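I have placed the structure first, in the form of structure tokens, so that the comments after it can refer back to it.
Every number in this text was worked out from the coordinates using simple rules, so none of it is lab data. Bear in mind that the values here come from a model prediction, so they are computed numbers and not experimental data. For neighbour counting, all protein chains shown are included, and Cβ atoms are generated from backbone atoms with ideal geometry for every residue, glycine included.
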Ligand code: 5RP
């Protein structure tokens, strides 16, 4: 393939074929998820009947532009399927997510889905989480410096994400701290410690959610595993 965006497009198109008529689905966020939304929009125009919840304002905008009917996330309790990207995927299907800043909504939507399919290119496959990606943690602006201090007291090193000179703001008007290091092998314990800090809203560690992955390779192959 000439570039990674073509690989992502292949992955998104393949993942969209796994959506069946009548399904209620969760739409992920990012440069791979956008191809799923685009592909599903085409299928909707051809008669596919689906309803969706989007994990970000951008995905919501793309879905609405593509004619995908959106559900009210305040009342929905269950989805058939969620399709979303990841920054890293480990062999046990645990993930780091949140490079796109949508991790909080993404975790809520993935949790309400009966199945999550993760859509990635081969560069996201790692033996151990934290090999390449930083760990995003969504925190409230209220008390943000105290929250960072508490996180650092646990032994983590991190910095607030920026957008230009300003601090990055999520769709829910929160900040993101990107952590450099994962401290130990026990990632569930790290998640527990981080989520226990007042001010931490969610971490980018996703466990026990993805059951299948659609993986795209530079040579043009797309595998569903
Ligand atoms: C957004 C995410 C994205 O799914 C993740 O960053 C992967 O994005 P992309 O498909 O653009 O590589 O977690 O919060």
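Within the range 76-159, all pairs of alpha-carbon atoms sorted by distance into 5 Å bins from zero give the percentages 3, 13, 20, 19, 19, 13, 10, 3, 0. Out of 70, 103, 205, any idea which swings most in a Gaussian network model of the chain, alpha carbons joined below 10 Å? Largest GNM mean-square fluctuation: 70. Connecting C-alpha atoms closer than 10 Å in a GNM of the chain, tell me which of 80, 178, 208 has the biggest fluctuation. Among 80, 178, 208, the largest GNM mean-square fluctuation belongs to 208. Each 10 Å bin from 0 upward holds the following percent of the Cα-Cα pairs of the range 68-113: 23, 52, 23, 3.
Between 156, 142, 206, the Gaussian network model of the chain with springs among Cα atoms under 10 angstrom shows the greatest mean-square fluctuation at 142. Within the range 51-89, which residues have the backbone N less than 18 Å from the label spot 7 Å out from residue 223 along Cα→beta-carbon, could you tell me? Only 86, 88-89 pass the distance filter.
Can you compute the helix-only [θ] at 222 nm over the chain? Use -39500 (n - 2.57) per DSSP H run of at least 4 residues, normalise by all residues, nearest 500 deg cm²/dmol. All intermediate terms of the calculation are to be shown ahead of the outcome.
Working: 6 runs with 64 residues, N = 225.
Counting only the DSSP helices, I get -8500 deg cm²/dmol.
Remark: the residue 114-residue 159 segment gains 12.8 nm on full extension, using 0.36 nm per residue and subtracting the alpha carbon distance.
Find the relative contact order for the chain and round it to a whole percent, using C-alpha pairs within less than 8 Å whose residues are 6+ positions apart. It would help to have the intermediate numbers written out before the result.
Numbers: 485 pairs, mean separation 50.8, N = 225.
For the chain, the relative contact order is 23 percent.
Sorted largest first, the spans of the alpha carbon positions of the range 1-109 along the three principal axes are 33, 32, 24 Å. Let me know the Kirkwood hydrodynamic radius for the chain, please, with Cα pairs as the basis and the value in Å to one decimal. Evaluated on the chain, it is 17.8 Å.
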